[in-house]
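To keep things clear, I will list the structure first and then write my remarks on it.
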């Protein structure tokens, strides 16, 4: 993704997950799970970016992370997603059409949001567009904390996009249920389309079942064919109650990687899912990246300056050592 190892950071209201995978994406280099103090993130918004930066610096030092270029995953509940249908237009006209239609569905004025979109299906009738939006102030709280820690964020996405990426491509519609750290994310998807999502914090299996049934009924035009479970907190009781109520085939969400046992894979499933993508600019119609383009360019330049400085220092030291010898 970045030519070297890749680090993804997943933010939850009370926890921080960081994982680094090798340049070939085949093994985990190191990982860390850190509890966040109360009040640091409230209503999914970073209250104290300076303290968040201190925690990130501590994680990098304690767990020996070296790579400073990172991808960020924001909490699912903080993001708005919508599947739009746009008539067949020239690519040059598509962005304006998406923004125009998006204003009908966005929860606030588009000027207060950071948005990006991706073409998830094409037909003779037009395009299916997955729109993702986040409050500008909310996003910048995370970015500011990461920047103050001396890191270079080049990509921002959400859990549902990563989880859908783990599925095999095809026309089959799925209900994904991922449960970790007291939070359950439910997604109805079809190929790359995210039809609908829901986040619940109740620990009751019955509440999970009710939410799943409500989603299936609400999006009844998409016939769900299969249920996929993921996360460390999916247990036999949940599995049994969901399958008894919905009566569909079930599978476990899987991710193949070395140096991590199955329980840890399930714990880090969301940050791991990000390692399967490539960094692309927010204007790319085939990908999603909630980090504004001007910030992507800024951090690319800062990263390059750091690399040049490090290379110059290395060469200087080599020359002086050779001279002294």
Among residues of the stretch 259-279 being in a loop (DSSP other than H, G, I, E, B) and touching a residue at least 60 places away in the same chain (Cβ under 8 Å), the residue surrounded by the fewest Cβ atoms within 10 Å (Cβ to Cβ) is 278
If you check 234, 227, which single one turns out to be under 16 Å from residue 180 (Cβ atoms) and not in a helix (DSSP H, G or I)? 234
Where a residue in the stretch 95-106 is touching a residue at least 12 places away in the same chain (Cβ under 8 Å) and its partner, wherever it lies, is assigned to a helix (DSSP H, G or I), with Cβ under 7 Å and at least six apart: 99/110; 102/110
Selected residue [more than 23 Å from the chain's Cα centre (by Cα), free of Cβ contacts under 8 Å to residues at least 60 places away in the same chain, more than 30 Å from residue 298 (Cα to Cα) and not in a loop (DSSP other than H, G, I, E, B)] from 239, 222: 239
Just name the residue that is modelled with the highest pLDDT out of those in the stretch 179-193 that are surrounded by 20 or more Cβ atoms within 10 Å (Cβ to Cβ) and more than 26 Å from residue 264 (Cβ to Cβ). 188
Lone qualifier among 89, 72 - being crowded, with 17+ Cβ neighbours inside 10 Å and either more than 23 Å from the chain's Cα centre (by Cα) or assigned to a strand (DSSP E or B) (or both): 72
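From the list 176, 216, which one is assigned to a strand (DSSP E or B), crowded, with 17+ Cβ neighbours inside 10 Å and in contact with a strand residue (DSSP E or B) (Cβ under 6 Å, 6 or more places away or on another chain)?
Details: 216 fails: assigned to a strand (DSSP E or B).
None of the others qualify; the one that does is 176.
Answer yes or no as to whether residue 61 is more than 23 Å from residue 138 (Cα to Cα), surrounded by fewer than 18 Cβ atoms within 10 Å (Cβ to Cβ), at pLDDT 95 or above and out of contact with any helix residue (DSSP H, G or I) (no Cβ under 7 Å at 6 or more places or on another chain).
Values: more than 23 Å from residue 138 (Cα to Cα): yes; surrounded by fewer than 18 Cβ atoms within 10 Å (Cβ to Cβ): yes; at pLDDT 95 or above: yes; out of contact with any helix residue (DSSP H, G or I) (no Cβ under 7 Å at 6 or more places or on another chain): yes.
So residue 61 fits the description; yes.
Of the residues 204, 256, only one is without any contact (Cβ under 8 Å) to a residue 12 or more places away in the chain, surrounded by fewer than 18 Cβ atoms within 10 Å (Cβ to Cβ) and closer than 26 Å to residue 274 by Cα; which?
Exactly one of 204, 256 is without any contact (Cβ under 8 Å) to a residue 12 or more places away in the chain, surrounded by fewer than 18 Cβ atoms within 10 Å (Cβ to Cβ) and closer than 26 Å to residue 274 by Cα, namely 256.
The values are calculated or read from the model by the stated rules, or taken from the named source; none is laboratory data. Because the structure is predicted, anything quoted here is derived from the model rather than measured. Here the Cβ is made from the backbone with ideal geometry for all residues, glycine too, and neighbour counts use every protein chain on show.
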